[in-house]
1. Let's test the formula: R0 of 22 Å, r as the Cβ-Cβ distance of A:D357 and A:K394. What FRET efficiency results, to the nearest 0.05?
2. List, largest first, the extents of the alpha carbons of chain A along their principal axes, each in whole Å.
3. Determine how many Å³ per residue the convex hull of the Cα atoms of segment A:82-240 encloses.
4. How much accessible area per residue does segment B:14-221 have, counting only protein heavy atoms and a probe of 1.4 Å, in square angstrom?
5. For the full complex of protein chains and a 1.4 angstrom probe, list A:K46, B:K164 by accessible area with the highest value first.
6. How shielded is B:99-107 by partner chains, expressed as the average number of their Cβ atoms within 10 Å of its Cβ atoms?
7. Net charge around A:I212, counting only other residues with Cβ within less than 12 Å of its Cβ (Lys, Arg = +1; Asp, Glu = -1)?
8. For a quick check: with amide H placed at 1.01 Å from N, whose amide H comes under 5 Å from A:L268's, ignoring anything fewer than 5 positions away on the same chain?
Amino acid sequence: MRKSKSKRVFTAILLVSLAIIMLLTSCGDAAEKETETTAPVVTGDKIKIGGLAPLTGNVSIYGIAVNNGVKLAIQEVNENGGLLGKQIDYIVYDEKGETVEATNAYNRLVNDDKIVALIGDVTSEPSIAVAQRAARDNMPMITASGTSADITKQGENVFRACFIDEVQGDLMGAFVANNLELEKAAILYNVSDNYSQGLTDAFVARCEAEGIEIVASENYSSGDTDFKTQLTKIKTAGAEVLYVPNYYNDDIMIVRQAKQVGLDIPFLGGDGWDGVLSENVIGTEKNDADGAYFTNHYAPDDPNEQLQSFLTAYREAYGMEAVSFAALGYDAAHMMIQAIEEAGSTDSDAIIAAMKDIEYEGVTGSITFDDNNNPIKTVSIILVKDGEYTLFTKMQSDE
Amino acid sequence: MTYFILQFLNGLQIGAIYALVALGYTMVYGIIKLINFAHGEIMMTAAYFIYFFMTLLDLPYFLAVILAIVFSVVLGVLIERIAYRRLRNASRLSALITAIAVSLFLQTLYAILFTPDPRAFPLTASSFPVLEIGEITLSSWTLITIVVAVIVMILLQLFVTRHKAGKAMLVVSEDLKGAYLMGIKVDRIVSMTFAIGSALAAIAAALYIVSYPQITPYMGALPGIKAFIAAVLGGIGLIPGAMLGGFLLGLVETMTRAYIPSSVAQLSEGIVFVILILVLLLKPAGLLGKSEREKV
């Protein structure tokens, strides 16, 4: 009797603890139900450009930044006489980071608002879904920040302003060989994250091509906080440089634990490192990330005049510092506007043809398109020095 | 060999933290047969206490920790008073579900009050000197963590075996009703158990956040679950069992990662559970547990 009771209790405890684990992993996403839409103005002599972005929900930080960048670009053009002699009407819908919402919003933009071109979407999954529709409608479309290679494969009409993930890993491999001239690299990546995995694969491929030996390839899963075991392994393997293609909250933990195990080699990363120097990430030990190199869309200290005036304008308009997503949104909007300008009309085919041959000079570098509608553009290598992001060098994405 | 020693020390460090948290689980379970799932959240709140004492009041780390221990003790005792005491005689499942509720309540409360975004802790282990003993490089913080944890455990062991209140605690864990009949103030002993458990969790938090200097409302969840596993592994309800289980868990985790190739390293979490299942199959009461006979 006693035994069966305690057994039952134990089963219950096990079940409940499983339930807890599941609950705990699903916590933390409080989706705000708010829609921010600009009401379409029905006037004959306006050019209507549609926008899609997650303005609420889990990935809203990205959506808001991109949308801010786009709005800034369109405001500038409207203040300087508009496009083809007309004002631009920018209509943006919040898709909450969801594929279904994005598709519905796209249909609304096309059927009700009669847009001539689309700037969006922001994240990869909804962008792919929207790109499929847009390809059917032959709608000129540019995503500011969707990095998945599949997005532009949907059709000739789909473009992007950012480099794809593979470019970052690939360039870092070249950077190790040509700039750092080191021969033994190690990797510490997040195995449960596509972004981290994508950068890692490209880095490994380039390293092999350049004759760099990967002496340790270590991984972890999202939520891990202890990296000392992996770092000790990497140190023992004799690595000369460590590639850490993860997001900034993990990056800073890894950098700090490396100091604890006495691993003193250069760190490399991707654009996920952007943000590592924020007050609430690095805290008071401002120099802990010093000596790390990472690929990014631009460097804030790049003397490029266009970039500096964008950063100032953004600061004035929104009262905060621009992040890469805002810069990409700004560029995506200007590219679409330039393409319409060069096409001389709002005819879809003309815009797509103009976009295909575009030579654009923007805040994230000069951009032309390759055969897959992926930009060939400058990639900035940032060096963290004295607690600041500094421009180390620039590379071409097809280098 | 150097590599083994280095990884062994890494394992001991994380194991020490698991052990400290596991003690809280095991002591509460020993006394009122409740798995206090909110225990990981005590650790989380302690981390926030230390953080706010250091950043808002500009207190030095050591003082902030002492204050945080006091606040955590109060919180732990309050939780028992408000949430668990009325359920002392209810079914164990009701108490367990209440513990889960308290855990979620604290997480959500902190997420609302302080946002779910991680905050950087102002003191990091990377600013402590790195010791070099021959081939071995070791952060002095790793050493401090292990030493502090061991000292605390020794003090706890002395307390429960030598001190009158400690002995009373052991008696209550043997037989709550019997202790009551013998004139032991059971309520007071239960409060004391929660107080000690919370203090240990606060010490664990203090050691943890310097090594892993990010504070979030969910930071207690994973160490909490791991510590619970450690407590079961060693034999839940037994103080030496929690210590053994904690260190063992830390070492197993580290060693599997250290010696199994990375391509299959995802197994390391799995191996911990395989060991737990094996131990429970062979010794259902845990490594140090004795299968007890039915009390009459």
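1. Computed FRET efficiency for A:D357 and A:K394 comes out at 0.40.
2. Principal-axis extents of chain A (Cα, largest first): 77, 66, 38 Å.
3. Numbers: hull volume 23.8 nm³, N = 159.
In segment A:82-240, the Cα hull volume divided by residue count equals 150 Å³.
4. Working: 8710 Å² over 208 residues.
Spelled out: the 1.4 Å probe surface of segment B:14-221, per residue, equals 42 Å².
5. On the way: A:K46 70, B:K164 170 Å².
The residues order as B:K164, A:K46, largest area first.
6. Working: counts 2, 6, 0, 0, 3, 4, 0, 0, 4.
Partner-chain Cβ atoms within 10 Å, mean over residues of B:99-107: 2.
7. Numbers: positive: A:K184, A:R206; negative: A:E181, A:E183, A:E208, A:E210, A:E213, A:E240.
Once positives and negatives cancel, what remains is -4.
8. Long-range HN contacts for A:L268: A:L242, A:Y243, A:V244, A:Y293.
The values are calculated or read from the model by the stated rules, or taken from the named source; none is laboratory data. Note that the structure is predicted; figures quoted are calculated from it, not measured. So basically every Cβ, Gly included, is an ideal-geometry build from the backbone, and we count neighbours across all protein chains shown. Protein only, heavy atoms only, side chains kept; ligands, DNA and RNA dropped before computing areas. Shrake-Rupley method; radii C 1.70, N 1.55, O 1.52, S 1.80 Å.
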